[in-house]
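The values are calculated or read from the model by the stated rules, or taken from the named source; none is laboratory data. Everything numeric here is computed off the predicted structure, so don't read it as measured data. Heads up, the Cβs are rebuilt from the backbone with ideal geometry, glycines too, and the neighbour counts pull from every protein chain shown.
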Amino acid sequence: MVLWVFGYGSLAWNPGFDFDDKIVGFIKDYRRVFDLACIDHRGTPANPARTLTLEAQKGAVCWGVAYCVNGGAEKEADAIKYLERRECEYDKKISVAFYKEGACLIPAITVFVSTPDRNINKYYLGPAPLDQMARQIATANGPCGNNREYLFSLEKALFDIGHEDDYVIVLANEVRKVLAAQEGRKSKMSGSHLSVRFDFSPVHLPALRKATVVKSG
C-alpha cells in the first residue's frame, strides 16, 4: 500500500516526515480558510494563532503538494503517527482525488481537515472580518514561532510552486499593514529618528515585500 498526503498549509513547505516523492497539483471543491486555532505551536491558549483548514466550496481549486510514502508499512505508520501528532487540531482525515494538469493523478489522497463546528472541534474558530484576522495573526506567538511567519511562509511557498492564492495574498498584505501601524506607533513613542516604510503594492514576489528602514534626517 502507498500513502499519499496532501499539503496545503505548512506541509507545503515543511513536511517534516520522510517521503519518497512529491508532486505539485490540486484538489477540487475545497478552498483554504484561516479558521482554525493553534494554541501550542504559533499561538497560546490566551492568544491563539489562526492557521489553515479547508472549507468545502463547489468549483473551488486548492493547489498544494502531494507527498508519497512508499517504503513499507512501518514507514507509512511512522509518517501517519508524526502527522497525527503535528496536526492534532484537525479532527478528520478525508480522502479526495488529486489532480495534475487537469487529469486525476491520485484517486485517493489523505487530507487533514477540521469539522466546521465548535461543538465538535474545539479548535475551530470560524470566519472573522479581514481586519480582525490580520490583527490576530500579527500578534500571535508560540513556542514554534509567530503566526505571521506561518502566513508569509505559505505565501512564499505558493509563489514558489507557481500557484498563488489571492485569499492568502490579501490577508498577508493586511497583516503587513497592521505591522506597519505597530512600528509607526513604536517609533512615535520612542522618539526615534528611524521611520519604517512598507511596500503594500500587489506585487507577487514576497521578497520585495520586506520592510525597509530609512534614515530621516
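Numerical summary
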read-out	value
Matching residues in region 157-192 - criterion: being at pLDDT 95 or above and surrounded by fewer than 14 Cβ atoms within 10 Å (Cβ to Cβ)	ASP160, GLY162, ASP166, TYR167, VAL170
Selection within region 129-159 - part of a helix (DSSP H, G or I), over 14 Å from the mean Cα position of the chain (by Cα) and more than 19 Å from ILE39 (Cβ to Cβ)	LEU130, ASP131
Which listed residue is without any contact (Cβ under 8 Å) to a residue 60 or more places away in the chain, surrounded by fewer than 22 Cβ atoms within 10 Å (Cβ to Cβ) and closer than 24 Å to GLN136 by Cα, from ALA60, ALA46	ALA46
Subset of region 15-37 that is part of a loop (DSSP other than H, G, I, E, B) and free of Cβ contacts under 8 Å to residues at least 60 places away in the same chain - its residue that is farthest from ALA79 (Cα to Cα)	ASP20
Every residue from region 140-180 that is over 17 Å from THR51 (Cβ atoms), in contact with a Pro (Cβ under 7 Å, 6 or more places away or on another chain) and in contact (Cβ under 8 Å) with a residue 60 or more places away in the chain	none
Any hit, region 71-84, residues being surrounded by fewer than 18 Cβ atoms within 10 Å (Cβ to Cβ) and not in a helix (DSSP H, G or I)	yes
Some residue of region 91-111 being on the phi < 0 side of the Ramachandran plot, under 15 Å from the mean Cα position of the chain (by Cα) and part of a loop (DSSP other than H, G, I, E, B)	no
Residues satisfying the stated conditions in region 102-121, i.e. out of contact with any strand residue (DSSP E or B) (no Cβ under 7 Å at 6 or more places or on another chain) and touching a residue at least 24 places away in the same chain (Cβ under 8 Å)	ILE120, ASN121
Condition check for GLY43: farther than 18 Å from LYS28 by Cβ and among the small types (Gly, Ala, Ser)	yes
